[in-house]
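No lab work stands behind these numbers, since they all come straight from the coordinates. None of these values were measured; they are calculated from a predicted model. Virtual Cβ from ideal backbone geometry, glycine too; neighbours counted across all protein chains shown.
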Amino acid sequence: MKTTDKKFLYIMLFLLELALVIIAFVLTLFAKTRFASLFSFHSPALALFIIITAGAGAAVLISLLVVKLSVFSPVYDLLKQLVAGFKLSIADAFVIALTAGICEEILFRAVLQPMWGIWITSFVFILLHGYFNPLNWRMSLFGLLMFCLSLAIGFVYMNYGLIPAMALHFTYDFTALTIIKTLNKNAAA
């Protein structure tokens with residue numbers, strides 16, 4: 001199986017994301033918290049709509065910055081390579097965004113943020129995504145944008161619960177991947 005094979009991508013995605021949920025589950029056992037209690041939902045429909053719209057808006061804004069500003073060209077090149085290398089479809093973008101939005105937020109927001117606080121959790125979240133790179137200041141600058149987005153997701157979690165935080169994460173990822181895919185398709189044509 002080649003590392004550009006979609007099967008490889010899905011296997012790695014599901015294994016990594018499943019590992020995050022297992023870690024979250026184990027941590028809840030030690031904290032004597034019921035895992036199901038993490039999925040609190042206490043936000044009105046209008047707030048959820050605004051949160052989802054804000055996620056899409058953030059994705060459009062950040063994607064435009066990455067595409068238009070030459071300082072982010074290494075980030076854009078990496079994203080283009082990911083989308084083109086795996087020949088990602090809109091359905092693939094949906095699955096990737098949904099899996100990441102659910103699994104990552106379970107661990108980072110519902111389990112780690114109450115233990116570590118919003119700032120440390122957001123920093124670790126971005127660090128593990130590889131956005132802070134001392135050898136690549138351009139990627140680190142992008143990491144600062146992602147850190148701000150991670151803080152926003154953390155604030156959504158604190159004020160509205162896990163489901164809206166997942167929705168924001170999913171919406172951002174799906175919109176950003178769709179934009180990159182569309183731009184790749186237009187550039188190839």
With springs only between Cα atoms under 10 Å apart, run a GNM on the chain and tell me which of M139, M12, M158 wobbles the most. M12
Using a 10 Å cut-off around each Cβ, can you sort H169, H42 from fewest to most neighbouring Cβ atoms? H42, H169
Under the definition of Cα pairs under 8 Å and six or more residues apart, what whole-number percent is the relative contact order of the chain? 36
Given axes a ≥ b ≥ c from the Cα gyration tensor, I'd like to know whether segment 123-189 is rounded (a/c under 1.5), prolate (a/b larger than b/c) or oblate. oblate
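Under the rule of -39500 (n - 2.57) per DSSP H run of 4 or more residues, summed and divided by the residues of the chain, what mean residue ellipticity at 222 nm is obtained, to the nearest 500 deg cm²/dmol?
Helix-only estimate at 222 nm: -26000 deg cm²/dmol.
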With a point put 7 Å past each Cα toward its Cβ, work out how far L46 is from K6 in nm, to one decimal. 4.2
Would you mind ranking V156, V95 by Cβ crowding within 10 Å, fewest neighbours first? V95, V156
Using alpha-carbon coordinates, inclination of helix 137-160 to the longest axis of the chain, degrees: 30
Segment L15-V71, extension gain: residue separation times 0.36 nm, minus the distance between their alpha carbons: 16.8 nm
Approximate spin-label separation V60-C148, in nm, with each point projected 7 Å along Cα-to-Cβ: 1.7
With θ taken as phi - 60° and the coefficients 6.51, -1.76 and 1.60, list the Karplus ³J(HN,Hα) couplings across segment 89-105 in order, rounded to whole Hz; mark glycine and proline as x. 9, 4, 4, 4, 4, 4, 5, 4, 5, 5, 4, 5, x, 6, 5, 5, 6
Just to check I understand the Karplus step: with θ = phi - 60° and J = 6.51 cos²θ - 1.76 cosθ + 1.60, what whole-Hz values come out for segment 37-52, glycine and proline as x? 5, 5, 8, 5, 9, 10, 10, x, 4, 5, 4, 4, 4, 5, 4, 5
Could you compute the net charge surrounding A91? Neighbours are other residues with a C-beta less than 13 Å from the C-beta of A91; K and R count +1, D and E count -1. +2
